[in-house]
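Each remark here refers to the structure printed beneath this line.
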Amino acid sequence: MFFSIKNICCIGAGFVGGPTMALMAKKCSNLIFNVVDINKQRIAAWNNKDLSKLPIFEPGLKEIIENNRNKNLFFSSEVEDAIASADLIFISVNTPTKSKGLGAGKSSDLKWVEASARQVAKFAKGHTIVVEKSTLPVRTAEVIESILNSNNSNSNSDKKSFSVLSNPEFLAEGTAINDLENPDRVLIGGKDKQAMLLLSQLYKNWVPDNKILFTNIWSSELAKLTSNAFLAQRISSINS
């Protein structure tokens with residue numbers, strides 16, 4: 001089955017989702033990028049004509065928004081419509097530490113990730129590539145996949161299918177745009193080789209082939225956590 005990517009949706013207009021989709025819109029001018037969020041105030045800030053009032057300040061971001069917003073980059077709270085029209089969906093929502101229950105104070109709270117997966121399962125059409133972009137515990141992709149498939153098996157509507165990939169971000173505050181334009185590596189984890197190749201085609205618009213690495217989902221998820229752990233240890237050692 002021939003499948004191409006034309007419309008991309010990012011659920012979550014925070015520090016990762018907003019700048020990442022903005023940079024992708026700059027580099028992939030032939031594709032449509034819809035950044036959606038249930039926080040209407042945040043979306044209003046992204047759409048503000050006064051670019052000094054964007055919800056995130058990163059050097060170089062204002063110029064990208066100015067050149068691409070409402071051309072091939074759109075910010076909206078119409079989550080359902082964006083999911084329905086998307087060929088590829090990034091899940092880039094918050095994963096705060098649990099404040100209560102099992103793992104309180106230690107484990108990540110995946111309620112927003114799971115809620116996003118349920119929305120994708122309900123409103124997606126045809127075949128959709130779903131990409132983890134948030135920082136997540138290892139095996140979260142399995143949770144997402146089970147939500148997508150269980151909802152799909154209970155549906156009598158048009159047959160849907162999903163490919164779940166992991167594509168962690170490695171951004172630092174203050175250098176996020178440069179980190180996106182000149183990444184050390186782009187990590188894509190998954191089981192569906194065609195979906196992995198399609199996602200890699202987006203990055204190949206500006207990232208050299210030798211910096212795009214394929215692996216399995218667990219390794220991709222673990223690589224992000226390991227990177228965070230090394231960074232935390234470096235900061236701790238410096239402070240000591």
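The values are calculated or read from the model by the stated rules, or taken from the named source; none is laboratory data. If you're wondering where the values come from, they're calculated on a predicted model, not measured in any experiment. As a convention, Cβ positions derive from the backbone with ideal geometry for all residues, glycine included, and neighbour counts pool all protein chains shown. Note: accessible area is taken over every heavy atom of the protein model, side chains too, but ligands, DNA and RNA are not part of it. Shrake-Rupley method; radii C 1.70, N 1.55, O 1.52, S 1.80 Å.
Can you find a residue in the stretch 95-105 that is open to solvent by 30 Å² or more (accessible area, probe 1.4 Å) and either within 18 Å of the chain's Cα centre (by Cα) or modelled with pLDDT of 95 or more (or both)? Checking the stretch 95-105: at least one residue is open to solvent by 30 Å² or more (accessible area, probe 1.4 Å) and either within 18 Å of the chain's Cα centre (by Cα) or modelled with pLDDT of 95 or more (or both).
The residue pairs whose first member lies in the stretch 13-30 and is touching a residue at least 24 places away in the same chain (Cβ under 8 Å) and under 18 Å from Glu78 (Cβ atoms), whose second member is surrounded by fewer than 22 Cβ atoms within 10 Å (Cβ to Cβ) and β-branched (Val, Ile, Thr), and whose beta carbons are closer than 6 Å, counting only pairs six or more residues apart or on different chains, are Gly18/Ile56.
Annotation: Phe75 fulfils all but one of (1) of a type outside the set (D, E, K, R); (2) surrounded by 17 or more Cβ atoms within 10 Å (Cβ to Cβ); (3) part of a helix (DSSP H, G or I); the unmet one is (3).
In the stretch 59-72, of all residues being free of Cβ contacts under 8 Å to residues at least 24 places away in the same chain and part of a helix (DSSP H, G or I), the one that is surrounded by the most Cβ atoms within 10 Å (Cβ to Cβ) corresponds to Lys62.
Considering the conditions (1) outside any strand (DSSP E or B); (2) in contact with a Phe, Trp or Tyr (Cβ under 6 Å, 6 or more places away or on another chain); (3) aliphatic (A, V, I, L, M), Ile5 is excluded by exactly one of them, (2).
Within the stretch 15-50, the set of residues being assigned to a helix (DSSP H, G or I), open to solvent by 30 Å² or more (accessible area, probe 1.4 Å) and farther than 24 Å from Ala115 by Cα comprises Lys26, Lys27. I need the full set of residues from the stretch 166-177 which are surrounded by fewer than 15 Cβ atoms within 10 Å (Cβ to Cβ) and at pLDDT 90 or above, in order please. Those that are surrounded by fewer than 15 Cβ atoms within 10 Å (Cβ to Cβ) and at pLDDT 90 or above: Gly174, Thr175.
Filter the stretch 187-215 down to residues that are of a type in the set (Phe, Trp, Tyr) and over 12 Å from Ser166 (Cβ atoms) and give me whichever is nearest to the chain's Cα centre (by Cα). Even if it seems obvious, please write down each step before you answer.
Our first condition is that a residue be of a type in the set (Phe, Trp, Tyr); within the stretch 187-215, this holds for 203, 206, 214.
Checking the rest, the ones that are also over 12 Å from Ser166 (Cβ atoms) come to 203, 206.
Details: Tyr203: 13, Trp206: 18 Å.
If we take residues in the stretch 187-215 being of a type in the set (Phe, Trp, Tyr) and over 12 Å from Ser166 (Cβ atoms), then Tyr203 is nearest to the chain's Cα centre (by Cα).
Only a single item in (1) modelled with pLDDT of 95 or more; (2) open to solvent by less than 30 Å² (accessible area, probe 1.4 Å) is not met by Ile56, and it is number (1).
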